[in-house]
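Engineer: Just dropping this structure here.
Every number here is computed from the coordinates shown, using simple stated rules; none is lab data. Since this is a predicted model, take the numbers as computed values, not measurements.
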Amino acid sequence: MNPSKLVRHIAIDMQRLVAEQTAWHSPIVMDILPNVLRLCKGFPEGTLYARFVAPQDIEAAHGSWKAFYRRWPMITGARLDPALTDLVAPLAALAKPDQVFDKLGYSVFSAPGLHPALQQAGVETLILSGIETDVCVYSSALAAIDLGYLVVLASDALASPDEQAHRVVLDRLALRLPDQIKVMTTDEILATCEASE
């Protein structure tokens with residue numbers, strides 16, 4: 001694995017929406033931010049940023065997402081300050097517009113255009129960081145596997161408000177797919193890339 005065209009790092013949902021005092025506030029974002037930032041700087045041209053973006057209102061959602069947004073109406077576009085969908089400041093300073101993908105569901109592959117962009121670049125391996133390990137990150141990992149990517153979970157650059165679920169993904173579920181998911185620390189990822197240059 002090296003920071004070439006075959007590898008991309010995706011920072012998932014590292015947004016003001018969860019870092020600041022909102023209904024989705026989760027202090028864990030700041031806990032993992034240093035390692036996410038290290039990965040972003042380790043892959044300056046090879047990092048993509050996925051942001052969760054809600055529909056304008058409940059009626060614009062489809063299927064079971066309507067029930068989801070009935071529980072979280074304050075997150076819909078009509079009620080949320082649009083600036084809160086921005087990346088947290090250290091990442092926003094690094095991200096170029098063509099590196100940011102807005103996703104409509106849990107998986108990063110619900111972001112229109114992401115998979116074609118990865119395919120066009122010849123990407124084979126995805127390094128995932130961000131939140132939440134047991135929801136958006138794991139959903140993205142499984143979708144990536146179905147599309148043929150090797151997935152690397154950056155264990156110390158991932159977090160969830162549910163620590164037990166976070167640990168289950170890293171310690172049990174990921175290990176069930178050893179040919180398709182690797183669990184590595186930030187140091188291990190960066191060292192592997194440096195060694196292969």
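Engineer: Return the percentage of antiparallel bridges among DSSP beta bridges fully within the stretch 1-116, rounded to the nearest 5 %.
Structural biologist: 10 percent
Engineer: Given that compact globular proteins tend to follow 2.2 N^0.38 Å, what is the ratio of the alpha-carbon Rg of the stretch 57-195 to that value?
Structural biologist: Against the compact-globule rule of thumb, the ratio is 1.14.
Engineer: For the chain, return all DSSP H helices satisfying: extent of Cα atoms along own axis at least 18 Å; mean Kyte-Doolittle hydropathy at least -1.0.
Structural biologist: 28-42
Engineer: Between Lys96 and Leu173, 0.36 nm times their residue separation minus their Cα-Cα distance comes to what?
Structural biologist: Value of the extension gain: 24.4 nm.
Engineer: Over the chain, what relative contact order in percent results from Cα pairs under 8 Å that are six or more residues apart?
Structural biologist: Working: 338 pairs, mean separation 51.8, N = 197.
That works out to 26 percent.
Engineer: Let me ask another. Which aspartates and glutamates does Lys182 reach when only Cα atoms under 14 Å apart count, and residues fewer than 8 places away in its own chain are ignored?
Structural biologist: Glu124, Asp156, Asp171
Engineer: OK, next. Tell me, what are the semi-axes, in whole angstrom and largest first, of the equivalent ellipsoid of the stretch 1-80 as set by the roots of 5 times the Cα gyration tensor eigenvalues?
Structural biologist: Output for the stretch 1-80: semi-axes of 30, 16, 9 Å.
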